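Below is one structure, written out as structure tokens; comments come after it.
The values are calculated or read from the model by the stated rules, or taken from the named source; none is laboratory data. All values derive from a computational prediction rather than experimental measurement. For neighbour counting, all protein chains shown are included, and Cβ atoms are generated from backbone atoms with ideal geometry for every residue, glycine included. Surface areas here come from the heavy atoms of the whole protein model, side chains and all, with no ligands, DNA or RNA. Shrake-Rupley method; radii C 1.70, N 1.55, O 1.52, S 1.80 Å.
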Amino acid sequence: MSKVRVHNFHVSLDGYSAGETITIESPMGGAERMFTRFDGRVIDGIQAIEDPITLDRALASTWSQGIGAEIMGRGKFGPQTGEWPEDGWRGWWGEEPPFGTPVVVLTHHAHEPMHFDNGTSFHFLDAGPKEALEYAQGLADGKDIRLGGGPSTIRQFLAADLVDFLHLITVPMILGGGVSMWDGLADVQERFTIESTSSASGLTHHFWNRATTA
């Protein structure tokens, strides 16, 4: 059975993972400063030859390993709300999205699929967590499903008990407000075994694996 995995998901000390309002200038709604230590080049194993291999970079590189499809909320794809405008928007990433797999974008509004030369495709779906997962599994060729966020989307999948693994990164920073994925999920940690380690950069990595029953 394929697993549902969350990778490199940043959380502030006060429990927020994004700001309230997403705009073109602010894709994380003001929470972009949480990512100053994150080297996005390494998510697919690429980094400059002169850069050291650090704990943070090594852990970030597991993002793409064994992944056949991603599920993301609409806000991760773009800042638009309501009916999709005819503005030519193709995501934050231009013509080379980093995914290289099918991506299911959760939205209540119909949109034609998008396909890119590097193997990325976006499929727009109006569905709850269970139906979205089944759809993504049909695109993933037996590989794992990455749950890409944002926090509201991850919260819905946790509430439905559909998440097998989370790599959460606590950033030593106070945001003071925003969107949390923990609302309404008291004691969710009891479903998982949890390990944590800190890096020299000040980040703390948490690995939540679904607990197995004897």
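Key figures
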quantity	calculated
Only one of Thr193, Thr170 that is among the hydroxyl-bearing types (Ser, Thr, Tyr) and touching a His at 6+ places or on another chain (Cβ under 8 Å)	Thr170
Flag if Asp56 is at pLDDT below 95, over 24 Å from Asp141 (Cβ atoms), acidic (Asp, Glu) and part of a loop (DSSP other than H, G, I, E, B)	no
Matching strands (runs of 3 or more DSSP E) fully within segment 136-213 where at least 1 residues are charged (D, E, K, R)	144-149, 192-198, 204-210
Any chance Val103 is buried (at least 20 other Cβ atoms within 10 Å of the Cβ) and farther than 28 Å from Ala200 by Cα	yes
Test result for Pro79, touching a residue at least 12 places away in the same chain (Cβ under 8 Å), assigned to a loop (DSSP other than H, G, I, E, B) and buried (at least 18 other Cβ atoms within 10 Å of the Cβ)	no
Search result, residues across segment 122-135 that are open to solvent by 20 Å² or more (accessible area, probe 1.4 Å), closer than 13 Å to Val103 by Cα and not in a helix (DSSP H, G or I)	His123, Phe124, Leu125
Residues satisfying the stated conditions in segment 108-121, i.e. over 16 Å from the mean Cα position of the chain (by Cα) and assigned to a loop (DSSP other than H, G, I, E, B)	His108, His109, Ala110, His111, Glu112, Pro113, Phe116, Asp117, Asn118, Gly119
Scope segment 43-53; condition within 18 Å of Phe99 (Cα to Cα) and modelled with pLDDT under 70; matching residues	Asp44, Gly45, Ile46, Gln47
Checklist (1) more than 24 Å from Gly78 (Cα to Cα); (2) touching a residue at least 12 places away in the same chain (Cβ under 8 Å) applied to Asp187, failing item	(2)
Residues of segment 157-214 that turn out to be open to solvent by 60 Å² or more (accessible area, probe 1.4 Å), among the hydroxyl-bearing types (Ser, Thr, Tyr) and at pLDDT below 95, as a count	2
